[in-house]
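Participant: Here's a structure for you.
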Amino acid sequence: MPQAARPYANPMDDGRRKLHPGDDEKIRSFYASVHSQRETAAKFGVSRRTITFILYPERLKIVQEKRKKTKYSQKYYNSVVRGEAWRDTMRKYRQKKREKGLLYNPNKASIS
């Protein structure tokens, strides 16, 4: 029989968060002793980038400002342009495979 959900003392602690408000100071003190963002990230189970943003909050603000200016860069989200580029890339890839004989070529198919 499955166990009942564990009640959490803090409503913010519902199991979805890896870091909690008090962890910032723990991260800073651990980083001061090891001087390695990778080790710190591994210990706390988060990405190195998260550790960077905790240690240097000004970098997080710079990234947030850039996102506001670019509005998540339409370059990646314009499906019409990206779709055409992907189609062309795949056509070239398939053509190379056909030339090497690794892909079925309908033009060279023989009827037996």
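The values are calculated or read from the model by the stated rules, or taken from the named source; none is laboratory data. Given the structure is predicted, the values throughout are model-derived calculations rather than measurements. Positions of Cβ are generated from backbone atoms using ideal geometry, with glycine treated the same way; all protein chains shown enter the neighbour counts.
Participant: Going through E58, E65, E99 one at a time, which residue ends up being outside any loop (DSSP other than H, G, I, E, B), at pLDDT 85 or above and exposed (fewer than 10 other Cβ atoms within 10 Å of the Cβ)? Before the answer, list the steps.
Facilitator: On the way: E65 fails: exposed (fewer than 10 other Cβ atoms within 10 Å of the Cβ); E99 fails: exposed (fewer than 10 other Cβ atoms within 10 Å of the Cβ).
Of the residues listed, the single one that is outside any loop (DSSP other than H, G, I, E, B), at pLDDT 85 or above and exposed (fewer than 10 other Cβ atoms within 10 Å of the Cβ) is E58.
Participant: Looking only at segment 16-47, count every residue that is aliphatic (A, V, I, L, M), within 23 Å of the chain's Cα centre (by Cα) and assigned to a helix (DSSP H, G or I) and tell me the total. Walk me through how you get there before you give the answer.
Facilitator: First pass over segment 16-47, keeping only residues aliphatic (A, V, I, L, M): 19, 27, 32, 34, 41-42, 46.
Checking which are within 23 Å of the chain's Cα centre (by Cα) leaves us with 19, 27, 41-42, 46.
Restricting the remaining residues to those that are assigned to a helix (DSSP H, G or I) gives 27, 41-42.
Residues that pass the stated criteria total 3.
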